[in-house]
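One structure below.
The values are calculated or read from the model by the stated rules, or taken from the named source; none is laboratory data. Quick caveat: nothing in here was measured; it's all calculated off a predicted structure. Quick reminder, even Gly has a Cβ in these numbers, built from the backbone with ideal geometry, and neighbours come from all protein chains shown.
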Amino acid sequence: MATAGDRGQAAAPSITVVLPSILQPLAGGQSILTAPADGPVTVAELLDAVTTDFAVLARRLRDETGALRRFVNIYVDGDEVRRLQGLETEVSPGQEVLVIQSVAGG
Amino acid sequence: MVGMTTAKSFVLAIGTKKGLWIATSQDRREWSFTGPHFLMSEIPSIGIDTRNGRTRIMVGVRNEHWGPTVAHSDDLGATWSEPEQGAIKFPEDTGAALERIWQIYPDAESRPGVVWAGAEPISVWKSTDGGEHFELNRGLWDHPHRTEWGAGYGGAAAHSIVVHPARETVHVAMSTGGVYRSLDGGASWEARNRGISAYFMPDPNPEFGQCVHKIAADAAVDGRLYAQNHHGVYRTDDNAETWNSIAEGLPADFGFVMLTHPRREGTAWVVPLKADGERIPPNGELAVHRTDDAGGSWKRLSNGLPTGEYNSVLRDAASVDTAEPAGVYFGTRGGTVYASADEGETFTEVAAHLPDVLCVRAAVVAGA
């Protein structure tokens with residue numbers, strides 16, 4: 001499992017999380033966050049890892065119970081995780097995870 | 001020669017469905033605006049805290065995508081701060097998640113730093129650090145009635161908090177649940193709804209379950225409070241032990257707003273709406289009604305207000321300031337905001353075409 005404490009070699013396998021522009025100020029201006037991973041991790045573990053230093057960003061994505069906010073969508077290789085196993089969906093090193101706000105509101 | 005009195009100015013904060021506007025004025029007639037702050041987030045609650053030698057504006061922010069949070073500004077909105085871990089966060093053992101902050105209520109001068117909040121799901125929170133971190137009130141959260149409290153159209157929330165400035169008495173109103181009172185600073189709570197009708201329930205006089213829309217305390221008479229109910233306007237003179245109707249003389253007994261004078265006995269304002277189906281100003285004629293005798297009679301106030309107004313005024317979309325004479329402010333779901341510098345005798349339009357107005361708060365602040 002990847003944790004924020006994992007600091008692998010430069011070439012170590014990792015998983016990337018791509019943020020929408022509106023959230024990038026909450027990640028120090030970064031558009032891509034990377035978590036080292038030796039093997040598959042769940043989306044929940046991945047979010048824990050990449051938001052360790054960005055508590056406000058973490059709260060924008062999930063509520064205090066850990067649930068993904070209703071209009072936040074997370075895609076793993078093109079599939080929205082709610083159609084997979086939700087936050088328990090496994091992601092493997094080399095895969096890309098997209099965070100996209102859903103089309104909602106008025 | 002330098003004036004001998006401290007300069008005062010006025011701040012008016014307007015929370016809408018799509019952001020916050022902040023206005024300042026020297027005379028309550030000409031206003032300068034900044035905003036929108038928090039564009040595309042709704043601002044259902046605002047607290048302006050003028051204690052501690054500063055003006056702190058606290059706002060409940062809710063974004064459809066990114067959820068709710070509390071932010072504060074000590075420079076009239078030029079910059080905003082948000083605690084990293086969030087100011088309001090349900091403890092893990094509750095299994096609950098914050099949905100919306102409905103009320104931010106700075107406590108009395110005698111309790112600097114204390115700020116209360118009411119939220120959805122129905123919960124009351126207390127901060128002792130000026131609104132930066134709040135603790136869940138366990139007494140109310142663990143109340144045996146909680147599983148039977150319901151949700152109004154806008155959600156299930158504690159939306160009114162009234163704290164006695166000297167004693168440990170706290171009144172809370174929730175929709176739906178009614179009025180709850182604590183005599184020990186919030187440690188324990190009892191329903192106090194005797195006399196308030198819940199016509200929409202099988203037993204119209206239950207211990208709790210009423211849909212009280214707003215409560216406010218009389219600043220000069222101990223134990224006297226006023227309530228605007230979902231149909232019904234009431235007063236209590238015995239600290240909420242019993243409530244009696246004061247709706248006679250009003251064109252409608254429905255509405256959301258209840259305001260009281262910052263100092264004067266018996267003075268309160270409501271904004272009646274025709275209901276239950278219509279929920280517009282009666283006949284489309286917008287008017288504020290004020291009583292100066294604790295509900296014995298009401299005076300219709302509409303100077304400066306338009307006819308042909310079909311938008312409602314929500315429970316927190318109205319406020320008074322503490323000046324003399326007191327200012328009265330309110331906004332509509334049509335995005336118009338009106339201000340009166342003479343206790344409602346005359347109104348002027350201070351903003352129009354904003355998104356739905358959810359919350360209005362006004363304050364007298366030091367400095368020009």
Are any residues in the range B:187-207 assigned to a loop (DSSP other than H, G, I, E, B), surrounded by fewer than 21 Cβ atoms within 10 Å (Cβ to Cβ) and in contact with a Lys or Arg (Cβ under 9 Å, 6 or more places away or on another chain), and if so, which ones? B:ALA187, B:ASN205, B:GLU207
Selection from the range A:63-105 of residues that are in contact with a helix residue (DSSP H, G or I) (Cβ under 9 Å, 6 or more places away or on another chain), part of a strand (DSSP E or B) and closer than 16 Å to A:LEU46 by Cβ: A:LEU68, A:VAL72, A:ASN73, A:ILE74, A:TYR75, A:VAL76, A:GLU90, A:VAL91, A:VAL97, A:VAL99
Inside the range B:170-203, can you point out the residues that are under 18 Å from B:TYR234 (Cβ atoms), modelled with pLDDT of 95 or more and among the hydroxyl-bearing types (Ser, Thr, Tyr)? B:TYR180
With a cut-off of at least 1 residues that are within 16 Å of the chain's Cα centre (by Cα) and surrounded by fewer than 18 Cβ atoms within 10 Å (Cβ to Cβ), name the strands (runs of 3 or more DSSP E) lying wholly within the range B:10-79. none
Please name all residue pairs, on different chains or six or more residues apart, with Cβ atoms under 6 Å, provided the first residue is in the range B:118-136 and is on the phi > 0 side of the Ramachandran plot and the second residue is assigned to a loop (DSSP other than H, G, I, E, B). B:GLY130/B:GLY113
Please verify whether the range B:153-164 includes one or more residues that are part of a loop (DSSP other than H, G, I, E, B), touching a Ser or Thr at 6+ places or on another chain (Cβ under 6 Å) and modelled with pLDDT of 95 or more. no
Of (1) under 13 Å from the mean Cα position of the chain (by Cα); (2) more than 11 Å from chain B (Cβ to nearest Cβ); (3) surrounded by 15 or more Cβ atoms within 10 Å (Cβ to Cβ), A:ARG60 satisfies every one except (2)
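Looking for something among the basic types (Lys, Arg), surrounded by fewer than 21 Cβ atoms within 10 Å (Cβ to Cβ) and in contact with a strand residue (DSSP E or B) (Cβ under 6 Å, 6 or more places away or on another chain) - is there at least one such residue anywhere in the range B:209-220?
Scanning the range B:209-220 turns up no residue that is among the basic types (Lys, Arg), surrounded by fewer than 21 Cβ atoms within 10 Å (Cβ to Cβ) and in contact with a strand residue (DSSP E or B) (Cβ under 6 Å, 6 or more places away or on another chain).
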Got a sec? Which of A:VAL76, A:VAL72, A:VAL99 is facing chain B (nearest Cβ under 8 Å), in contact (Cβ under 8 Å) with a residue 24 or more places away in the chain and among the aliphatic types (A, V, I, L, M)? A:VAL72
Unique match (being surrounded by fewer than 22 Cβ atoms within 10 Å (Cβ to Cβ), assigned to a strand (DSSP E or B) and either on the phi > 0 side of the Ramachandran plot or touching a residue at least 40 places away in the same chain (Cβ under 8 Å) (or both)) among B:VAL365, B:VAL360: B:VAL365
So which residues in the range B:15-59 are farther than 29 Å from B:PRO325 by Cα and either away from every other protein chain (no Cβ under 14 Å) or in contact with a helix residue (DSSP H, G or I) (Cβ under 7 Å, 6 or more places away or on another chain) (or both), if there are any at all? B:PRO36, B:HIS37
Members of the range B:259-291 that are modelled with pLDDT of 95 or more, closer than 15 Å to B:VAL233 by Cβ and not hydrophobic (A, V, I, L, M, F, W, C): B:THR260, B:GLY266, B:THR267, B:PRO272, B:HIS289, B:ARG290, B:THR291
Taking B:TRP66 as meeting all but one of (1) within 14 Å of chain A (Cβ to nearest Cβ); (2) closer than 24 Å to B:GLY113 by Cβ; (3) without any contact (Cβ under 8 Å) to a residue 40 or more places away in the chain, write down the number of the exception. (2)
I'm told A:GLY94 meets every condition in (1) touching a residue at least 60 places away in the same chain (Cβ under 8 Å); (2) within 11 Å of chain B (Cβ to nearest Cβ) except one. Can you identify the failing condition by its number? (2)
Output the residue which, of all residues in the range A:35-57 that are surrounded by fewer than 20 Cβ atoms within 10 Å (Cβ to Cβ) and among the hydroxyl-bearing types (Ser, Thr, Tyr), is farthest from the other protein chains (Cβ to nearest Cβ). A:THR42
Condition broken by B:GLN85, with the remaining ones in (1) surrounded by fewer than 16 Cβ atoms within 10 Å (Cβ to Cβ); (2) of a type outside the set (Lys, Arg); (3) assigned to a loop (DSSP other than H, G, I, E, B); (4) at pLDDT 95 or above satisfied: (4)
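What residue, of B:ALA96, B:ALA117, is buried (at least 17 other Cβ atoms within 10 Å of the Cβ), at the interface with chain A (Cβ under 9 Å from one of its Cβ atoms) and either over 23 Å from the mean Cα position of the chain (by Cα) or not charged (D, E, K, R) (or both)?
Details: B:ALA117 fails: at the interface with chain A (Cβ under 9 Å from one of its Cβ atoms).
Every option except B:ALA96 fails the conditions.
Residue-wise test of (1) within 27 Å of B:PHE256 (Cβ to Cβ); (2) free of Cβ contacts under 8 Å to residues at least 12 places away in the same chain.
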residue: B:THR50; (1), (2): yes, no
residue: B:ARG54; (1), (2): no, no
residue: B:ILE57; (1), (2): yes, no
residue: B:VAL61; (1), (2): yes, no
residue: B:HIS72; (1), (2): yes, no
residue: B:ASP75; (1), (2): no, yes
residue: B:ASP93; (1), (2): no, yes
residue: B:GLU99; (1), (2): yes, no
residue: B:PRO106; (1), (2): yes, no
